[in-house]
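Student: Below you'll find the structure I mean.
All of the numbers you see were taken from the coordinates with simple rules; none came from a lab. Not measured: the values here are computed from a predicted model. Positions of Cβ are backbone-derived with ideal geometry, glycine not excepted, and every protein chain shown enters the neighbour counts.
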Protein chains: 2
Amino acid sequence: MKTLDVGLVGLGTVGSGVARILIEHGDRVAHHAGQRLRLAHVVVKDKAKPRDCQLPDGIVSEELDRILDDAQITVVAQLIGGLEPARTIMRRLLEAGKDIITANKALLAEHGPELFDLARKLGRSIAFEASVAGGIPIVTNISQCLAGNQIHSLSGILNGTSNFIVSQMEQDGMAYDQAVAEAQQLGYAEADPTMDVDGSDAVQKLAILAQLAFGARVDWREIPRTGIAGLDPVDLTYASELGYRIKLLAVADLTSTGLELHVSPTLVRMGTPLGEVRGAYNAVSVVGDAVGQVFFHGLGAGQMPTASAVMADLIDTAVGRTQLTFHTLDLWSDEATRVELSDPALVPGRYYLRLSVDDHPGVLAEIASILAEQEISIASVLQREPPTSESPDIPLVIITHTATEGAMRAADAAIQNLKSVRGKMTQMRILD
Amino acid sequence: MKTLDVGLVGLGTVGSGVARILIEHGDRVAHHAGQRLRLAHVVVKDKAKPRDCQLPDGIVSEELDRILDDAQITVVAQLIGGLEPARTIMRRLLEAGKDIITANKALLAEHGPELFDLARKLGRSIAFEASVAGGIPIVTNISQCLAGNQIHSLSGILNGTSNFIVSQMEQDGMAYDQAVAEAQQLGYAEADPTMDVDGSDAVQKLAILAQLAFGARVDWREIPRTGIAGLDPVDLTYASELGYRIKLLAVADLTSTGLELHVSPTLVRMGTPLGEVRGAYNAVSVVGDAVGQVFFHGLGAGQMPTASAVMADLIDTAVGRTQLTFHTLDLWSDEATRVELSDPALVPGRYYLRLSVDDHPGVLAEIASILAEQEISIASVLQREPPTSESPDIPLVIITHTATEGAMRAADAAIQNLKSVRGKMTQMRILD
């Protein structure tokens, strides 16, 4: 049986997982790859750092040249995070003739077009299954398994940290800060969880999926996003009373006015597959014109689930499938047909609204007439007695029928001007 | 752009769906295939029969030779059901040098080894995504996307007809015959639903998945199966009270005593992904050593979901991925390492038991001591007053802790001998 020499750049959590599979499960990898994958060299930043995997003597160094100069190593898993030196290393690896596997979503969201163009120019390939949704093979499913479909929409829970935090808030009535602290303690959230909770991580992943599903070449910073940091537990309670859960949802939707992309806390009906995704799990629901709805659920992060995705790419590249897919799909290419993004103001959707209002007659009528002026119909209303007898404010929850975002913005502005409304109106989308 | 000539044998429900995508969505198929797929010829049994798709003039005939003799047609979707003439046609197509796509699970379950050997010998490929779980791309996910894993277990709802029938019984309290009649009326069940409801269809699909996931070359007739025909609505009610739904589950489980395969009505906990699969949907849960649990859900049958799977195979074959996968994996090969099937008697599991017993003291003690003799622990018991005052029999429901199937059989035999037990004991597995 043939042997293929594989290089590894980075031996952090995911890199160690990949190394373990290559070393401990060589036979089964060989069965699927039709050849033995030999871990020939591993480049790390600090050789002295203790690692959680046992490697053969002499294969670890701090010198990238050991991989670049080794013509036997034709496939490299580049598993370091951040933009630099990741970008430069990837360029050098491509220029040295290596096919690349990466898990670095930030790098692809930021420099995908440049790196893919370079790989194409050099006749090399980049595989990136591990960059989105960890163990869920969503990249291959969209670019290969569902290739007979026009994808109509894609809705995903792509950030396990946020989903864990919101699940904790919902199940145990925790406040946001407390849930974040628990997520950090359990290792689900970083010391600085900003990228997770502000929606940046989900938006970067959505940009990659939108490229695959719709050929949309979009700057991730331009995708509208709302994170979970401002989430009030009271909205989880009302949502639950109305039969919904709140999920940080990444949505790509092909509408009559163009492609709509956004990440925001969204009400998802209980009992539906996306509504039942708990804890640190990820999930993606894809609707295609032929297949209907297909739903994928699995661990979106963690050492071995992510290593599973990297291994799939390594095997695909060893077999030669990746190269065929990469050169057929022309991802992030200037020559690819562009998809127009829709004007957010025209995007239709249903909304959950919560306001604090004065307890006096006519308030609901005022609000209802503003909504009516914008042609927003009310589907249901929940009005409660004040939380305490001293409080003069009444919580008012409204679920709308379908309305455009533009109409909702106009209504919001008018409602904020009402004397009887206290503070800002909370508004969230509802997934239909 | 290059053009690839594609042949179609069979223009039934699925064939018409595939023809429609090829004809109506040529551009997007070309984008994913890197070449145009031209429907060059369609062979049918009866040219005069009306079809639900518009085909270009002159491309439909009743002569297989029109495809066999056309060297330009290198890829053929063979979409006819049953064993003959499907098998002979597939042999002739392979011998004429065509790569094949098929949706015929019965043919693969029955003649897979012969056909795959022939394809290998001739340097051709057979793709069969559409043969299992319709629109869910489970074949590619197991053989490619999860290739870095040792699959530990696989649990699937692979027969949408049965799931629809059981869902109707559960939701609306319908009797089995009534639910079957409704499924037939809605087009979910054939006039003769035997293969669906007796578990044969699910077992054939399980045999294909077991081959992919475990290399298990097994005769589908040897896989233990129980269908849903004997399902008593009362068990759905008790299961529901205990927090479970009953699903016709196909299970492949790699245990310490070997691979366990079976299809049977099984209690699945509510709120889990498999427990929430309703109506005619299919779902598969796969557990791998690296990825953990991944769950797939989608439409398991129907014209366009199945056509979606066929199109994925057509595109994979056009791109060249199928050929690489087919020749690497060595499916159903005599040379592949065999997996031992476990002795069913040694297979551990939890059980749901329901008995009808005399209403006299000591009955529960008798049954409990028989179970104890077989080292079967009781997890919970549900004993009710008799359904009617005239009825002397009491329903008794027992949920066990883990026990082997052998112990359960021995206990069953001993319990049947008790004078105080009426009729046969109902027993079903519980999915952990």
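Student: Once the Cβ-Cβ distance between A:Gln54 and A:His327 is put in as r, and R0 is 56 Å, what FRET efficiency do you end up with, to the nearest 0.05?
Tutor: Computed FRET efficiency for A:Gln54 and A:His327 comes out at 0.90.
Student: Could I ask something else about it? Could you please tell me the mean projected area of the C-alpha convex hull for region A:327-373, averaged over all directions and given in square nanometres to one decimal? Working shown, then result.
Tutor: Working: hull surface 25.0 nm².
Result: a mean projected hull area of 6.2 nm².
Student: Sticking with this structure for a sec: Please say if region B:32-178 is rounded, prolate or oblate, where rounded means a/c under 1.5 for a ≥ b ≥ c the square roots of the C-alpha gyration tensor eigenvalues, and otherwise the choice is prolate for a/b larger than b/c and oblate otherwise?
Tutor: On the way: a/c = 2.05, a/b = 1.38, b/c = 1.48.
Because a/c hits 1.5 or more and a/b fails to exceed b/c, region B:32-178 counts as oblate.
Student: Here is a follow-up. Give or take rounding to whole Å, what are the principal axis extents of the alpha carbon atoms in region B:111-204, in descending order?
Tutor: Principal axes ranked by extent give 51, 29, 19 Å for the Cα atoms.
Student: At a Förster distance of 41 Å, what's the computed FRET efficiency of A:Thr13 paired with B:Ser377, Cβ-Cβ distance as r, to 0.05?
Tutor: Working: r = 40 Å, r/R0 = 0.97.
It comes to 0.55.
Student: Further question: Could you grab the relative contact order for region B:344-430? Cα pairs under 8 Å, six or more apart, rounded to a whole percent. Working shown, then result.
Tutor: Numbers: 161 pairs, mean separation 42.6, N = 87.
Computed value for region B:344-430: 49 percent relative contact order.
Student: Under 11 Å from the Cβ of B:Ala410, count the other residues' Cβ atoms, weight Lys and Arg +1, Asp and Glu -1, and hand me the total. Don't skip to the end; give the middle numbers.
Tutor: Working: positive: B:Arg409; negative: B:Glu373, B:Glu375, B:Glu405, B:Asp412.
That sum, taken over residues with Cβ under 11 Å, equals -3.
Student: For B:Asp358, which inter-copy label distances result when the label point lies 7 Å beyond Cα on the Cα-to-Cβ vector, reported in nm to one decimal and in ascending order?
Tutor: The answer, with the shortest distance listed first, is 7.9 nm.
Student: Next question, about the same structure. Quantify how much of the Cα-Cα distance distribution of chain A extends past 42 Å, in percent. Walk me through the numbers before you get to the answer.
Tutor: On the way: 20169 of 93096 pairs.
Of all Cα-Cα distances in chain A, 22 percent exceed 42 Å.
Student: Summing Lys, Arg as +1 and Asp, Glu as -1, what charge do residues with Cβ under 15 Å from the Cβ of B:Glu84 carry, B:Glu84 excluded? Kindly include the intermediate steps, with their values, before the conclusion.
Tutor: Numbers: positive: B:Lys45, B:Arg87, B:Arg91, B:Arg92; negative: B:Glu110, B:Glu114.
Residues near B:Glu84 contribute +2 overall.
Student: Under 5 Å between amide H atoms, partner at least 5 residues away or on a different chain: which partners does A:Arg350 have, H built in plane at 1.01 Å?
Tutor: Hits under the 5 Å cutoff: A:Ala403, A:Ile430.
Student: Once you've got the Cα coordinates, tell me which of B:Lys45/B:Lys98; A:Lys2/A:Lys121; A:Lys205/A:Lys424; A:Lys121/A:Lys205; A:Lys49/A:Lys98 are over 22 Å apart.
Tutor: Numbers: B:Lys45/B:Lys98 20 Å; A:Lys2/A:Lys121 28 Å; A:Lys205/A:Lys424 30 Å; A:Lys121/A:Lys205 25 Å; A:Lys49/A:Lys98 27 Å.
In this structure, A:Lys2/A:Lys121; A:Lys205/A:Lys424; A:Lys121/A:Lys205; A:Lys49/A:Lys98 exceed 22 Å between Cα atoms.
Student: Residue farthest toward the positive end of the dipole of the protein assembly as shown, with Cβ of Lys/Arg at +1 and Asp/Glu at -1: which of B:Leu299, B:Leu331, B:Ala213?
Tutor: B:Leu331
Student: A further question follows. Residues of region B:221-237 with amide nitrogen under 18 Å from the 7 Å Cα-to-Cβ point of B:Arg384?
Tutor: B:231-237
Student: Got a sec to turn the phi values of region B:274-282 into Karplus ³J(HN,Hα) couplings, 6.51 cos²θ - 1.76 cosθ + 1.60 with θ = phi - 60°, whole Hz, x for Gly and Pro?
Tutor: With coefficients 6.51, -1.76 and 1.60, one gets 5, x, 9, 7, 10, x, 8, 6, 10 Hz.
Student: If packing is taken as the average number of other Cβ atoms within 10 Å across a peptide's residues, how do B:413-424, B:310-321 rank, most packed first? Each step should come with its number before you reach the end.
Tutor: Details: B:413-424: 14.0, B:310-321: 27.2.
Packing proxy ranking, top to bottom: B:310-321, B:413-424.
Student: Of all the C-alpha pairs in region B:344-430, what % are more than 15 Å from each other? Kindly include the intermediate steps, with their values, before the conclusion.
Tutor: Values: 2027 of 3741 pairs.
For region B:344-430, the share of Cα pairs beyond 15 Å comes to 54 percent.
Student: How crowded by other chains is A:33-41, given as the mean number of beta carbons from other chains within 10 Å of each beta carbon? Could the numbers behind the result be given before it?
Tutor: Numbers: counts 3, 6, 1, 0, 0, 0, 0, 0, 0.
Mean number of neighbouring Cβ atoms from other chains: 1.
Student: OK, next. Provide, as a two-decimal number, the C-alpha radius of gyration of region A:244-314 over 2.2 N^0.38 Å, N being how many residues it has. Intermediate results must be reported in sequence, preceding the final value.
Tutor: Values: Rg = 14.3 Å, N = 71, 2.2 N^0.38 = 11.1 Å.
Ratio of Cα Rg to 2.2 N^0.38 Å: 1.29.
Student: From the label point of B:Glu24, set 7 Å from Cα along Cα→Cβ, how far away are the matching label points in the other copies, in nm, ordered shortest to longest?
Tutor: Spelled out, the distances from B:Glu24's label point are 5.0 nm.
Student: Same structure again: Spin-label point model (7 Å from Cα, Cβ direction): what's the B:Gln35 to A:Gln171 distance in nm?
Tutor: Result: 5.1 nm between the two label points.
Student: So, one more: For a quick check, take a GNM of chain B with Cα springs below 10 Å and name the residue from B:Thr400, B:Thr237, B:Thr328 with the largest mean-square fluctuation.
Tutor: Among B:Thr400, B:Thr237, B:Thr328, the largest GNM mean-square fluctuation belongs to B:Thr328.
Student: Between B:Gly271, B:Gly227, B:Gly288, where does the largest GNM mean-square fluctuation fall for chain B, given springs only between Cα atoms within less than 10 Å?
Tutor: B:Gly271
Student: Considering just Cα atoms, how many Å³ per residue does the convex hull of the protein assembly as shown enclose? Don't skip to the answer; put the middle values down first.
Tutor: Working: hull volume 170.0 nm³, N = 864.
Enclosed volume per residue, from the Cα hull, is 197 Å³.
Student: Next up: Give me the mean projected area, in nm² to one decimal, of the convex hull enclosing the Cα positions of region B:269-394. It would help to have the intermediate numbers written out before the result.
Tutor: Details: hull surface 58.1 nm².
With every direction weighted equally, the projected area is 14.5 nm².
Student: Let me confirm one metric for peptide A:260-272, namely the mean number of other chain beta-carbon atoms within 10 Å of its residues' beta-carbons.
Tutor: Values: counts 0, 0, 0, 0, 0, 0, 0, 0, 0, 0, 0, 3, 1.
Counting Cβ atoms of other protein chains within 10 Å of each residue's Cβ and averaging gives 0.
Student: Computed over the Cα atoms of region B:138-299, what is the convex hull's projected area averaged over all directions, in nm²? Walk me through the numbers on the way to the answer.
Tutor: Details: hull surface 37.7 nm².
The directionally averaged projection comes out at 9.4 nm².
Student: What nm distance separates the two modelled labels at A:Thr3 and B:Ile23, each placed 7 Å from Cα along Cα→Cβ?
Tutor: My value for the distance between the label points is 5.6 nm.
Student: For region A:86-164, count the residues as N, evaluate 2.2 N^0.38 Å, and divide the Cα radius of gyration by that value, please. Show your work: numbers first, answer last.
Tutor: Values: Rg = 14.3 Å, N = 79, 2.2 N^0.38 = 11.6 Å.
After normalising by residue count via 2.2 N^0.38 Å, the value is 1.24.
Student: Also, I was wondering about something else. For A:Asp412, which inter-copy label distances result when the label point lies 7 Å beyond Cα on the Cα-to-Cβ vector, reported in nm to one decimal and in ascending order?
Tutor: Going from nearest to farthest copy, the values are 6.1 nm.
Student: Normalised by the number of residues in chain B, what is the relative contact order in percent for Cα pairs under 8 Å and 6+ residues apart? Walk me through the numbers before you get to the answer.
Tutor: Values: 881 pairs, mean separation 69.5, N = 432.
It comes to 16 percent, rounded to a whole number.
Student: How shielded is B:296-302 by partner chains, expressed as the average number of their Cβ atoms within 10 Å of its Cβ atoms?
Tutor: If you average over the peptide's residues, the count of other-chain Cβ atoms is 5.
Student: Now for a different question. At a Förster distance of 45 Å, what's the computed FRET efficiency of A:Glu335 paired with B:Ala229, Cβ-Cβ distance as r, to 0.05? Intermediate results must be reported in sequence, preceding the final value.
Tutor: On the way: r = 58 Å, r/R0 = 1.28.
It comes to 0.20.
Student: Taking the axis about which chain B rotates onto chain A, which residue of B lies nearest it as judged by Cβ position, and how many whole Å separate them?
Tutor: Taking the axis that maps B onto A, the answer comes out as B:Arg321, 2.
Student: Still on this model: If the reach is capped at under 20 angstrom between alpha carbons, list the aspartates and glutamates near B:Lys47, excluding any in the same chain fewer than eight residues apart.
Tutor: Hits, sequence-local ones excluded: B:Asp57, B:Glu62, B:Glu63, B:Asp65, B:Asp69, B:Asp70, B:Glu84.
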